[in-house]
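Let me begin by presenting the structure, written as structure tokens, before commenting on it.
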Amino acid sequence: MSPSGDGGAEENGAVVSVMDVGGTHVAAANVDLRSGAIPAGQPVRLALDSHAGAEEFVATLVACAAALPTRPGRRWSIAVPGPFDYAHGIAWYEGVGKFDALRGFDLGEALATKLPDAAAIAFHNDADAFGVGEWWRGAAQGRRRVAGITLGTGIGSCFLQDGRPLREGPGIPPGGRINELHYAGKPLEETVSRQALRQAYAEAVGADPEAADVKEIAQRAREGEEAAVRVFERTYRILGTVLASILGGFAPDILVVGGSIAASWDLIAGPLTAGLHEAESGRAQGIAVVPAAHPAQAALLGAAHLAAEGNTGSD
């Protein structure tokens, strides 16, 4: 994406201010809807403590937003993970390993008077925003049916038809969320997530689960450490198998993978594709599996596009 200034676009309302709230960071940018461009020097990123109280959480988001150029009367579109009441801006996190202090917290009300120059605020699911961003300007551009997953502190998913998020239909799990699925009698996130990967590696080498994060485990796998290689291969082959059980019914043209763990695509692609394509039904074999083209910006772009399409918040 080429950089652009905000001036002309700002005058005709073609710029949306966006934020992407993740488990470890928050990012903010101004997106030009005409070109899909983000200005040079953006997005702005700040570390975010997912175990912080509501006051500290809000302060971090506001500080990130305040680092952008001011634009009176701006629209804000914010991508956040669930469980969240997107229509009303209320967090419902509980037992998901992050943001527990925000349960029942009205984030929309808290931000309404604190976000710089805010005239309107809309919230969207972060995985939906990611998928829409990749459909609008990334790896899934021009595809009619798109499935997307994000791998990080949790696992997110989206199912799109012509860029519109779907919540139900053949091959779509409840609410469009694969984190609702189970593997071996446990929630999928207990097998496929940052913490699950760290736990599996720690058990394999007899270490403390906090001793090595995903980046270190990935590096050890690249250096040939057998335990690290096995953990990546098992984890993402399982994910492929679980995805095959639903994607055969949805029949997407493409599966786009993003999230912080997708930075280890060289270790994920093989087992994920193998698990997806080796399923007994074979119905998922023709699905292209690709990494995000804009892993750091897709959710920001998607949040802007969702705002431009008149979405007031996604479930």
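Bear in mind these aren't lab numbers, they're just calculated from the coordinates by the rules spelled out. Because the structure is a prediction, the values reported are computed rather than measured. Positions of Cβ are generated from backbone atoms using ideal geometry, with glycine treated the same way; all protein chains shown enter the neighbour counts.
For the stretch 139-291, the Stokes-Einstein estimate of translational diffusion at 20 °C and a viscosity of 1.002 mPa s comes to 137 µm²/s, using the Kirkwood hydrodynamic radius over alpha-carbon pairs. The length gained on full extension between Lys186 and Arg164, counted as 0.36 nm times the residue separation minus their Cα-Cα distance, comes to 4.9 nm. Here r is the Cβ-Cβ distance between Ala269 and Ala63 and R0 is 35 Å; the resulting FRET efficiency, rounded to 0.05, is 0.45. With Cα atoms as the point set, the chain shows a radius of gyration and Dmax of 19.2, 60 Å. Taking a span of 27 Å or more along the helix axis (Cα atoms) and a mean Kyte-Doolittle hydropathy of at least -1.0 as the rule, the DSSP H helices of the chain that qualify are 226-250.
When the GluC sites (Glu not before Pro) in the stretch 173-257 are filtered for DSSP coil states and for at most 13 other beta-carbon atoms within 10 Å of their beta-carbon, the remaining sites are Glu210, Glu223.
Over all distinct Cα-Cα pairs of the stretch 232-296, the Kirkwood formula returns a hydrodynamic radius of 11.7 Å.
The convex hull around the C-alpha trace of the stretch 94-206, projected and averaged over every direction, spans 10.4 square nanometres. FRET efficiency for the pair Glu278 and Ala47, taken as 1/(1 + (r/R0)^6) with r the Cβ-Cβ distance and R0 = 51 Å, rounds to 0.85.
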